[in-house]
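The values are calculated or read from the model by the stated rules, or taken from the named source; none is laboratory data. Just so we're clear, the structure is a prediction, and the values are computed from it rather than from any experiment. Note that we place each Cβ from the backbone using ideal geometry, even for glycine, and neighbour counts take in every protein chain shown. We work out accessible area using only protein heavy atoms, side chains counted, and drop any ligands, DNA or RNA first. Shrake-Rupley method; radii C 1.70, N 1.55, O 1.52, S 1.80 Å.
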Amino acid sequence: MQKGNIGVTTENIFPVIKKFLYSDHEIFLREMVSNAVDATQKLKTLAQQGEFKGELGDLTVHVSLDKEKGTITISDRGIGMTEEEIDKYINQIAFSGVNDFLEKYKDNANNIIGHFGLGFYSSFMVSKKVEIVTKSYKEGAKAVKWSCDGSPAYEIDEAERDDRGSDIILYIDDDCKEFLEKEKIQQLLTKYCKFMAVPIAFGKKQEWSSEKKEMVDTEQDNIINDSEPLWTKAPSTLKDEDYKQFYRTLYPMSDEPMFWIHLNVDYPFNLTGILYFPRIKSNIDLQRNKIQLYCNQVFVTDQVEGIVPEFLTLLHGVIDSPDIPLNVSRSYLQSDREVKKISTYITKKVADRLQSIFKEDRKQYEEKWDDLKLFINYGMLSEENFYDRAKDFALLKDVEGKHFTFEEYKTLIESSQKDKDDMLVYLYATDKEEQYSYIQAAKDKGYSVLLLDGQLDVPAIQMLEQKFEKSRFTRVDSDIIDRLIVKSDAPKTNLTEDESANLSQVFRSQMPKIEKTEFMVEVQSLGESQRPVVITQNEWMRRMKEMSRFQQGMSFYGQMPDSMNLVLNADHPLVKRVLDDCKSNTEEALKPIEAELKGQEARLAAIRQQQEKKKADELTQDDKDMKAETEKAVEEQKQKKESVLNGFAAGNAIVHQLIDLALLQNGMLKGEALDKFLKRSVDLIK
């Protein structure tokens, strides 16, 4: 028997392994099984080179569980190890200066990415003792047993083993007993070892026993992996159904993908894989982290932000590359030049694939646009280079369902949708039903309206306004139709200033109190055929509020109230009727008030003019009191005037009906207000 200490300079190595080097304890099983697979593949290579002339036989790696003994055993028929090789590969951990290492990486030991071949030692994360029983494939080799209890002390002794290969026996620690549950091991093997390159067996296949009325083991091994996954095969040998079936294997609960890209490159780096375009439509966050990263068919992670650009994390599928530098636990990506090359390559392949589908079958591409749009918008927003590629196959869809490239749509609207300042105006709607009347008003003018109802359309608008020359996007309900694309100066109303002010007050006084909503009232001359009252929302303010959902630092916009405009059409017969009724009902009451108001306003103007000639310190208290009293008198008369107008408005059914119609059109009439509107409508019809 040989005894000794593992070749490190401190006894702290095992706590480091347990606490720092491996961020996730469950990966011990991946490391053990992948080591067994490596040993098996090395034997296959030696056989191909003629250095091993024996029978390969069954090369299945077996994982077995013994709950009573508290052990997990990983067995292979690979190359095995001699006593000298155990000493070289197991006892001498491949780095020096452990104390320096500990100090340097105590806060983030994951920074030691890829430097130290410590895969085997992940077993001590879950084990109180580990044994290796191994026999080399070399002729005349003897079986040996190595054991270690998690301290630097180990023992090597002779052992009995008829066949080549290794058994790794893990005596599971008391605080890790969940790893002795069959379901847990099955789950981990499925997660990490599903596509390893050598068959892996865990238990036996089961079948239903009518005699025992339960599932029972058969003699057949339960192989948990597919050792030749689809991405390792030549695309020319595969059919569409093969790709769809593999997608169902990866994502059993998902809808069928739209299409896919088979990656296969061996220069300047090695990369294989299959990336699928899922049907996204909405909710980016639900789609992330569906790409699985493998290294030589060993699962590494599904957190791939470091290996692919952020927008490509919306894709699903598999990437496999031995050239991606990984850390000791194979769980963290190292950001270096190779990774950036791979990222650039994948972006190019995705863009090329989209371009080819667009060119080869535009009809099919347009049919899938609603699913593709979110992905492409995300790419253009987050990657400058992707916009340069995507601008030729990104589409705009109008409310009629027709699709256009950016250049095609510009050509379509160039002659009709330029304003008086030569700015090209892209009109859009976000909901065809809710904004129907606004869309119709635009179409009646001969304008085209885009449908931009996607999750990222508002940020995309901001970007396109910067990319397109002398262009802006305006939602159809952001203003009255004649001001959406201003061709000439707006016509002036025939109303006097007092008439406009009185009309505005009549309607303003009856506007409902809606939480987080403010209404501004204005009078415009829109023509007799236009609606009497229109509610619009300022494009810039609404867009800022929508952007606040996407961008940190803009949240204050989200807290601001919605700013709405109530536009009164002075040319419409109903508005004229309200004004006439107002005059006839309030004229007598307003005459003395307006006379007093004009007198007080004239007096206040004279006082202000006189006091403006004096410096602040020259004003006497009498001066200040006289001005304050006059301002108070003006305010009192204004309030009296408003009270008279408000009294008229409160009893005028047409005012209420017009306001409610405008609110109803914008989905803002609800509850009690809607009920009152319905009853009033019936009364007006009688």
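For the range 190-202, indicate whether the set of residues that are among the polar types (S, T, N, Q) and surrounded by fewer than 18 Cβ atoms within 10 Å (Cβ to Cβ) is non-empty.
yes
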Of residues in the range 437-479 being touching a residue at least 60 places away in the same chain (Cβ under 8 Å) and assigned to a loop (DSSP other than H, G, I, E, B), the one most open to solvent (accessible area, probe 1.4 Å): Gln455
Selection count, the range 178-189, where residues are in contact (Cβ under 8 Å) with a residue 40 or more places away in the chain, more than 10 Å from Ile224 (Cα to Cα) and surrounded by 13 or more Cβ atoms within 10 Å (Cβ to Cβ): 4
Among the candidates Asp173, Asp163, residue that is under 27 Å from Asn91 (Cα atoms) and either touching a Cys at 6+ places or on another chain (Cβ under 6 Å) or loosely packed, with under 13 Cβ neighbours inside 10 Å (or both): Asp163
Given (1) within 26 Å of Gln41 (Cα to Cα); (2) more than 41 Å from the chain's Cα centre (by Cα), number of the condition Glu155 does not satisfy: (1)
Among (1) open to solvent by less than 70 Å² (accessible area, probe 1.4 Å); (2) of a type in the set (Lys, Arg); (3) within 26 Å of Glu55 (Cβ to Cβ) - the single one Lys138 does not satisfy: (1)
Pair list, Cβ < 9 Å and 6+ apart or interchain, from the range 387-400 residues that are open to solvent by 40 Å² or more (accessible area, probe 1.4 Å) to residues that are modelled with pLDDT of 95 or more and assigned to a loop (DSSP other than H, G, I, E, B): Glu400/Ser448
Residues located in the range 220-276, provided they are hydroxyl-bearing (Ser, Thr, Tyr), part of a loop (DSSP other than H, G, I, E, B) and either within 16 Å of Asp320 (Cβ to Cβ) or over 31 Å from the mean Cα position of the chain (by Cα) (or both): Ser227, Tyr267
Long-range neighbours under 8 Å by Cβ, at least six apart or interchain, first residue without any contact (Cβ under 8 Å) to a residue 40 or more places away in the chain within the range 46-66, second basic (Lys, Arg) and in a loop (DSSP other than H, G, I, E, B): Ala47/Lys53; Gly57/Arg77; Asp58/Arg77
When residues of the range 417-429 are limited to those that are in a loop (DSSP other than H, G, I, E, B) and touching a strand residue (DSSP E or B) at 6+ places or on another chain (Cβ under 7 Å), the one surrounded by the most Cβ atoms within 10 Å (Cβ to Cβ): Gln417
Residues satisfying the stated conditions in the range 203-228, i.e. among the hydrophobic types (A, V, I, L, M, F, W, C) and open to solvent by 90 Å² or more (accessible area, probe 1.4 Å): Trp208, Met215
Among (1) open to solvent by 60 Å² or more (accessible area, probe 1.4 Å); (2) closer than 25 Å to Glu155 by Cβ - the single one Gln49 does not satisfy: (2)
Residues satisfying the stated conditions in the range 484-508, i.e. within 44 Å of the chain's Cα centre (by Cα) and modelled with pLDDT of 85 or more: Leu484, Ile485, Val486, Phe507, Arg508
Gln611, sole failed condition from (1) more than 60 Å from the chain's Cα centre (by Cα); (2) open to solvent by 40 Å² or more (accessible area, probe 1.4 Å); (3) modelled with pLDDT under 90: (2)
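Going by what's in this entry, would Asp38 be described as modelled with pLDDT under 90, within 18 Å of Lys138 (Cα to Cα), within 42 Å of the chain's Cα centre (by Cα) and among the acidic types (Asp, Glu)?
Values: modelled with pLDDT under 90: yes; within 18 Å of Lys138 (Cα to Cα): yes; within 42 Å of the chain's Cα centre (by Cα): yes; among the acidic types (Asp, Glu): yes.
For Asp38, the condition - modelled with pLDDT under 90, within 18 Å of Lys138 (Cα to Cα), within 42 Å of the chain's Cα centre (by Cα) and among the acidic types (Asp, Glu) - is met.
Residue by residue, here is whether (1) touching a residue at least 24 places away in the same chain (Cβ under 8 Å); (2) of a type in the set (Lys, Arg); (3) open to solvent by less than 60 Å² (accessible area, probe 1.4 Å) holds:
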position: Leu619; (1), (2), (3): no, no, yes
position: Glu636; (1), (2), (3): no, no, no
position: Gly651; (1), (2), (3): no, no, no
position: His656; (1), (2), (3): yes, no, yes
position: Gln665; (1), (2), (3): yes, no, yes
position: Lys670; (1), (2), (3): no, yes, no
Residue match in the range 88-104 (condition: at pLDDT 90 or above and within 29 Å of Lys177 (Cβ to Cβ)): no
